[in-house]
1. Tell me the residue from B:Gly140, B:Gly213 that is surrounded by 15 or more Cβ atoms within 10 Å (Cβ to Cβ), modelled with pLDDT under 90 and either among the polar types (S, T, N, Q) or in contact with a helix residue (DSSP H, G or I) (Cβ under 7 Å, 6 or more places away or on another chain) (or both), please.
2. With the condition kept exactly as written, say whether any residue in the stretch B:265-282 is crowded, with 23+ Cβ neighbours inside 10 Å and under 26 Å from B:Val131 (Cβ atoms).
3. Filtering the stretch B:249-272 down to residues that are in a helix (DSSP H, G or I) and either more than 14 Å from chain A (Cβ to nearest Cβ) or small (Gly, Ala, Ser) (or both), which residue is nearest to B:Thr110 (Cα to Cα)?
4. How many residues does the stretch A:18-41 contain that are under 30 Å from B:Met162 (Cα atoms) and exposed (fewer than 11 other Cβ atoms within 10 Å of the Cβ)?
5. May I ask you to list pairs of residues, at least six apart or on different chains, whose Cβ atoms are under 8 Å apart, with the first in the stretch A:7-27 being on the phi < 0 side of the Ramachandran plot and aliphatic (A, V, I, L, M) and the second being exposed (fewer than 11 other Cβ atoms within 10 Å of the Cβ) and assigned to a strand (DSSP E or B)?
6. Can you name every residue in the stretch B:147-158 that is free of Cβ contacts under 8 Å to residues at least 24 places away in the same chain and either of a type in the set (Val, Ile, Thr) or surrounded by 15 or more Cβ atoms within 10 Å (Cβ to Cβ) (or both)?
7. Here are some residues: B:Leu166, B:Leu100, B:Leu142, B:Leu94. Which one is within 20 Å of the chain's Cα centre (by Cα), within 14 Å of chain A (Cβ to nearest Cβ), in a helix (DSSP H, G or I) and hydrophobic (A, V, I, L, M, F, W, C)?
8. In the stretch B:170-188, which residues are crowded, with 20+ Cβ neighbours inside 10 Å and of a type outside the set (Lys, Arg)?
Amino acid sequence: MPDDVISGEIVSCPDCGLDLEVRFDEKGALSLKPAEVEGEDWGE
Amino acid sequence: MVEIGIVYDRVRWEEKVLIEASRKHGLNIKTIDLKDVYLNTLNEDDKIRQEFGEVVLQRCISYFRGLHLTALLESMGVQVINSFNVSLLCGNKLFTTLALVKAKVPIPKTLVAFSEEGALKALDSLGYPAVLKPVIGSWGRLIALLKDKETAQALFEFREEMHNALMQIYYLQEYVKRPPRDIRVLTVGDEVVAAAYRYSAEHDWRTNVARGGKTEPCPLTDDLADLALKSSKAVGGGVLAVDCMESPDGIVVHEVNNTPEFKGLYSATGVDIPEKIISYAIRVVKR
């Protein structure tokens, strides 16, 4: 986990490689949830 | 103090450096994950500005989320970079092409059909090889090189089976004989900020960095800068990435991107792109 990680950033599980989204709640508690899968309209 | 909102649905490297650049400017930044909010179409203007700021950098990775958010915010008097009209034009390759043609920007020969039969007739006119692109799409997805009629027929059959209305729009371009690279130029307002060559990944003819393409600095000649600026103005201006190819007849523009990724450009050129974008946002507020 990067020291400067912010809510909404994506990190990869070091064991399985799953993309996880970092979330901080109002109290600053960190949680991880599976990141959204690439949508057909994603990109530039 | 200028208040800037940075709206995203995923924090990539680009969003992170934009947030850092905003902080360096001492700005009051509002970072909004669009997945966490809802908006009332009858929202009062003051409330929306409190939540989103005086100007919003719309950085959603999902094109349709970003487009609809932009429509909502603009209806409530918030300035968005890039504007709804620019986003709408740039998000659709055909609309972009029409804007470029109107501005007399050189483009690859492009034909459009609305059925498999029409597309095959268009290809008879265009010749092979040709390139088939979805009118809405990014990162090189669903872009196909049509080497011959048999390939085209097979691909069209697949498209028809996708039962997606947008797949009924056949956007066909000549295959431009070019070096194994294209050129990306970043424009921020009236400034041409940086340019880089993007080289295709091995075994792929597409040059998207998302597909493993590599970037190198590209000299920003006057001609290239003029062309990029003209393309940017053609779609309404803002923070845009103009993608060009070196055709035998000169540089042609094949795409203008609305929420550009710029990590490759930054790495290749060393230009402080986030600083340029934040400075531009400040100027937009003060206009």
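The values are calculated or read from the model by the stated rules, or taken from the named source; none is laboratory data. Note that the coordinates shown come from a computational prediction; the quantities given were computed from them, not determined experimentally. All Cβ positions, glycine included, derive from the backbone under ideal geometry; neighbour counts span all protein chains shown.
1. Numbers: B:Gly213 fails: either among the polar types (S, T, N, Q) or in contact with a helix residue (DSSP H, G or I) (Cβ under 7 Å, 6 or more places away or on another chain) (or both).
Result of the check over B:Gly140, B:Gly213: B:Gly140.
2. Taking the stretch B:265-282 as the starting set, the residues that turn out to be crowded, with 23+ Cβ neighbours inside 10 Å are B:265, B:273, B:277-278, B:281.
With under 26 Å from B:Val131 (Cβ atoms) added as a condition, the list becomes B:265.
Checked the stretch B:265-282: at least one residue is crowded, with 23+ Cβ neighbours inside 10 Å and under 26 Å from B:Val131 (Cβ atoms).
3. To start, the set of residues in the stretch B:249-272 that are in a helix (DSSP H, G or I) comprises B:263-269.
Within this subset, residues satisfying the condition of being either more than 14 Å from chain A (Cβ to nearest Cβ) or small (Gly, Ala, Ser) (or both) are B:264, B:266-269.
On the way: B:Gly264: 28, B:Tyr266: 31, B:Ser267: 32, B:Ala268: 31, B:Thr269: 32 Å.
By that ranking, first place goes to B:Gly264.
4. Number satisfying all stated conditions: 2.
5. Listed pairs, sorted by first residue: A:Leu18/A:Pro34; A:Leu20/A:Lys33; A:Leu20/A:Pro34.
6. Across the stretch B:147-158, the qualifying residues are B:Thr151, B:Leu155.
7. Numbers: B:Leu100 fails: within 14 Å of chain A (Cβ to nearest Cβ); B:Leu142 fails: in a helix (DSSP H, G or I); B:Leu94 fails: within 14 Å of chain A (Cβ to nearest Cβ).
Just one listed residue meets the conditions, B:Leu166.
8. Restricting attention to the stretch B:170-188, the residues satisfying the condition of being crowded, with 20+ Cβ neighbours inside 10 Å are B:170-173, B:182-188.
Passing the criteria: B:Tyr170, B:Tyr171, B:Leu172, B:Gln173, B:Asp182, B:Ile183, B:Val185, B:Leu186, B:Thr187, B:Val188.
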